Amino acid sequence: MPDKVELRARLEFWRSALKKLREAYLALLDGGVKSYKIGNEELTRLDLVSLQKRMDEAEKKVDELELLLENRKSRRSFAVTPRDW
């Protein structure tokens, strides 16, 4: 497991990435622009669905890293199949 310094660096990276993704999403959603550039990648309104998925992944990463910094494990879900005996 990485040390706290590395976890903080990763957390800051993912927070920054999430902020840029949110800015791009809102700019495209508002309709004020036809395309939005992040680095050398150009996004259009057609990319909103993929942009939403990337935002969801970044949010999960941020949540996971915050939990690791607090020495807690991320919650895992599991399925239960009811049986009729």
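Just so it is clear, none of the values below were taken in a lab; they were calculated from the coordinates. Since the structure is predicted, the reported quantities are computational estimates derived from the model, not experimental observations. We place every Cβ from the backbone using ideal geometry, glycine too, and count neighbours over all the protein chains shown.
Annotations for the structure displayed:
- 5 Å binning of all Cα-Cα separations within the chain, expressed as whole percents from 0 upward: 3, 13, 19, 16, 12, 10, 10, 8, 4, 2, 1, 1
- Two-site FRET efficiency, ALA79 against VAL49, from Cβ-Cβ distance with R₀ of 25 Å, rounded to 0.05: 0.40
- Placing +1 on the Cβ of every Lys and Arg and -1 on the Cβ of every Asp and Glu, with nothing else charged, gives the chain a dipole about its Cα centre of roughly 100 debye.
- If you count Lys pairs in the chain whose Cα atoms are under 28 Å apart, skipping same-chain pairs closer than 8 places in sequence, the total is 26.
- Projecting the Cα atoms of ALA24, ALA79, ASN40 onto the charge dipole of the chain, computed from C-beta unit charges around the Cα centre, puts ALA79 farthest toward the positive end.
- For the chain, adding -39500 (n - 2.57) for each run of n ≥ 4 DSSP H residues and dividing by the number of residues yields -20500 deg cm²/dmol at 222 nm.
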